[in-house]
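Step one of this worksheet: look at the structure below.
The values are calculated or read from the model by the stated rules, or taken from the named source; none is laboratory data. Just so we're clear, the structure is a prediction, and the values are computed from it rather than from any experiment. Every residue, glycine among them, receives a Cβ derived from its backbone with ideal geometry; neighbour counts consider all protein chains shown. We work out accessible area using only protein heavy atoms, side chains counted, and drop any ligands, DNA or RNA first. Shrake-Rupley method; radii C 1.70, N 1.55, O 1.52, S 1.80 Å.
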Amino acid sequence: MTAEETQSSIDPSPGVSPPGDVTLRGTGPQRIAVLPGDGIGPEVTAEAVKVIDAAAERFDLDLELVELPWNADHYLATGETLPDGALDDFRDNYSAIFIGAYGDPRVPDMKHAADILLGIRFGLDLYVNFRPVKLYHESLCPLKGKGVDDVDMVVFRENTEGAYVGIGGNFKKGTADEVAVQEEMHTRKGVERIIRAAFEYARDKGRSTVTMCDKSNVMRYGHELWLRCFDEVGREFPMIETQHLYVDALAMQMVRRPESLDVVVTNNMFGDILTDLGAALQGGLGLAASANVHPGRTSMFEPVHGSAPKYAGLGRANPVGAVLSAALLLDNIGHNEAAAAVELAVATSLERGATTRDLGGDLGTSEVGNLLAASVRDARSVAK
Ligand code: NAD
Ligand code: IPM
Ligand code: MN
């Protein structure tokens with residue numbers, strides 16, 4: 001693709017960049033840890049790396065990518081998941097972390113994924129799971145009569161507590177009298193900071209409305225705390241409209257009137273579920289990107305999809321979610337022009353139907369990656 005051809009009618013919308021200040025680590029290259037993971041993770045990561053390399057070349061970025069082998073194979077061979085000291089190393093010596101996907105049928109309890117993926121989210125206190133739901137081309141949306149102006153929201157998923165804290169246990173396990181208890185945990189500090197992050201983002205990016213979603217009609221303790229915090233924090237941002245929806249109603253509105261949603265803030269598990277629904281509105285799980293952020297600290301970037309074992313090794317997986325996650329990473333470490341070029345390359349390729357099979361195209365994973373990398377290498381200045 002030439003420089004001329006990278007010009008597209010699609011503007012990367014301002015606003016799809018993760019929250020937080022630029023994370024800089026001393027002098028010398030910015031080091032990025034790359035964890036390809038399991039299943040289709042390595043395939044989509046290889047393409048994201050190609051695109052990052054192309055962006056580094058085109059925009060003269062001093063990046064050092066360090067690939068780390070921790071995945072299911074490594075765990076099954078060595079018993080090691082996330083090595084001791086890895087979190088400190090990331091925090092002190094890396095500007096960002098990129099992850100492909102975790103999950104392997106040979107590890108049914110997800111032990112390695114819990115240690116590595118959730119270990120990084122929790123251990124680095126990456127409390128904002130930022131998940132844009134953005135339709136790049138009308139033809140990709142499964143909803144009748146909805147276009148790119150209708151599907152453009154960002155989900156702020158709380159990422160360090162809720163149903164993910166692993167508090168609970170079994171009593172009389174394996175008997176007919178078995179009891180299983182699993183607790184949600186919501187702290188005032190945790191709830192307040194994710195809600196504040198959503199409002200600050202709306203204010204800074206010129207978005208009009210923050211919608212908070214919970215199930216406080218049933219969860220009268222944990223989710224009622226969210227209601228109070230939303231009300232209190234919302235008062236600090238009088239210029240931003242607020243909306244409260246129970247999660248069942250929000251799921252319905254995402255399908256019926258996605259244009260009524262702008263910035264959405266919710267707890268860990270609802271955010272997980274709603275962003276797979278959001279991915280479907282964008283065209284599929286192969287397209288959805290995410291950033292796990294603690295503003296100002298080393299943060300982690302990964303596609304929303306999992307390891308899709310049935311597609312592993314077939315060269316069929318869509319690399320776009322990984323590539324757009326790489327764009328969020330570049331933006332977070334201070335390279336917004338490079339990030340915009342990556343997003344424009346994706347938008348242009350989708351507009352032209354240059355896609356993998358999940359989107360109706362006939363290209364393989366690396367063909368899409370090569371095309372996107374070439375497009376970024378030839379990009380004109382696209383600063384936003
Ligand atoms: P999944 O996201 O891996 O796949 C669900 C389906 O979505 C696939 O079968 C496929 O049809 C489609 N899909 C997903 N990614 C795609 C891509 N890049 N291109 C084309 N199609 C794609 O979800 P799952 O099947 O429920 O989970 C598989 C494993 O991944 C499990 O072990 C699960 O726990 C794990 N998982 C990991 C993450 C993560 O690492 N962040 C996220 C979700 C699931
Ligand atoms: C996601 C995934 C993870 C989650 C799993 C693999 C632990 O579904 O990132 O969306 O539930 O957060
Ligand atoms: Mn998920």
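Listed here are the residues, each with its yes/no results for (1) in contact (Cβ under 8 Å) with a residue 40 or more places away in the chain; (2) within 16 Å of ligand 3 (Cβ to nearest atom); (3) under 15 Å from V154 (Cα atoms); (4) touching a strand residue (DSSP E or B) at 6+ places or on another chain (Cβ under 9 Å).
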site: V218; (1), (2), (3), (4): no, no, no, yes
site: D231; (1), (2), (3), (4): no, no, no, yes
site: A249; (1), (2), (3), (4): no, no, no, yes
site: D262; (1), (2), (3), (4): yes, no, yes, yes
site: M269; (1), (2), (3), (4): yes, yes, no, yes
site: L277; (1), (2), (3), (4): no, yes, yes, yes
site: A280; (1), (2), (3), (4): yes, yes, yes, no
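Determine whether V233 is in a helix (DSSP H, G or I) and β-branched (V, I, T). Reasoning before the result, please.
Working: in a helix (DSSP H, G or I): yes; β-branched (V, I, T): yes.
So V233 passes the test.
Test A291 against the stated conditions and say whether it is modelled with pLDDT of 95 or more, touching a helix residue (DSSP H, G or I) at 6+ places or on another chain (Cβ under 7 Å) and within 14 Å of ligand 3 (Cβ to nearest atom). Quick ask: steps written out before the conclusion?
Details: modelled with pLDDT of 95 or more: yes; touching a helix residue (DSSP H, G or I) at 6+ places or on another chain (Cβ under 7 Å): yes; within 14 Å of ligand 3 (Cβ to nearest atom): no.
No, not satisfied.
Might you check whether a residue that is more than 14 Å from ligand 1 (Cβ to nearest atom), out of contact with any strand residue (DSSP E or B) (no Cβ under 9 Å at 6 or more places or on another chain) and within 21 Å of I120 (Cα to Cα) occurs anywhere in segment 296-308?
Looking only at segment 296-308, we keep the residues that are more than 14 Å from ligand 1 (Cβ to nearest atom), and these are 296-299.
Still in the running and out of contact with any strand residue (DSSP E or B) (no Cβ under 9 Å at 6 or more places or on another chain): 296-297.
When the remaining residues are screened for being within 21 Å of I120 (Cα to Cα), the result is 296-297.
There is at least one residue in segment 296-308 that is more than 14 Å from ligand 1 (Cβ to nearest atom), out of contact with any strand residue (DSSP E or B) (no Cβ under 9 Å at 6 or more places or on another chain) and within 21 Å of I120 (Cα to Cα).
Return the only residue of I97, I116, I120 being closer than 29 Å to G313 by Cβ, assigned to a strand (DSSP E or B) and within 16 Å of ligand 2 (Cβ to nearest atom). Step through it out loud before you land on a result.
Working: I116 fails: assigned to a strand (DSSP E or B); I120 fails: assigned to a strand (DSSP E or B).
Exactly one residue qualifies, and that residue is I97.
Considering only segment 25-61, state which residues are touching a residue at least 40 places away in the same chain (Cβ under 8 Å) and assigned to a loop (DSSP other than H, G, I, E, B).
Listed by number, the residues that qualify are R25, D38, G39, I40, L61.
Identify all residues within segment 113-139 that are more than 20 Å from L329 (Cβ to Cβ) and open to solvent by 30 Å² or more (accessible area, probe 1.4 Å); write none if there are none.
A114, D115, H137, E138, S139
With L76, L65, L87 as the choices, which residue is over 24 Å from the mean Cα position of the chain (by Cα) and either among the hydrophobic types (A, V, I, L, M, F, W, C) or not assigned by TED's automatic domain parsing to the domain that holds S299 (or both)?
Details: L65 fails: over 24 Å from the mean Cα position of the chain (by Cα); L87 fails: over 24 Å from the mean Cα position of the chain (by Cα).
Sole residue among the options that is over 24 Å from the mean Cα position of the chain (by Cα) and either among the hydrophobic types (A, V, I, L, M, F, W, C) or not assigned by TED's automatic domain parsing to the domain that holds S299 (or both): L76.
Please go through segment 178-211 and pick out each residue that is part of a helix (DSSP H, G or I) and open to solvent by 40 Å² or more (accessible area, probe 1.4 Å). If you could, list the steps in order and put the result at the bottom.
Within segment 178-211, the subset part of a helix (DSSP H, G or I) is 188-205.
Of everything in segment 178-211, those that are part of a helix (DSSP H, G or I) and open to solvent by 40 Å² or more (accessible area, probe 1.4 Å) turn out to be R188, K189, E192, R193, R196, E200, R203, D204, K205.
Considering (1) out of contact with any helix residue (DSSP H, G or I) (no Cβ under 9 Å at 6 or more places or on another chain); (2) in the same structural domain as G28 (by TED's automatic domain parsing), say which one G168 fails and leave the rest.
So the condition that G168 fails would be (2).
Quickly run through segment 83-112 and pick out the residues that are open to solvent by less than 30 Å² (accessible area, probe 1.4 Å), more than 16 Å from ligand 3 (Cβ to nearest atom) and of a type in the set (A, V, I, L, M, F, W, C).
Within segment 83-112, A86, F90, A96, I97, F98, V107 meet the criteria.
If L143 passes every condition in (1) free of Cβ contacts under 8 Å to residues at least 40 places away in the same chain; (2) hydrophobic (A, V, I, L, M, F, W, C); (3) more than 24 Å from A291 (Cβ to Cβ); (4) assigned to a loop (DSSP other than H, G, I, E, B) but one, which one does it miss?
Of (1) free of Cβ contacts under 8 Å to residues at least 40 places away in the same chain; (2) hydrophobic (A, V, I, L, M, F, W, C); (3) more than 24 Å from A291 (Cβ to Cβ); (4) assigned to a loop (DSSP other than H, G, I, E, B), only one is false for L143: (1).
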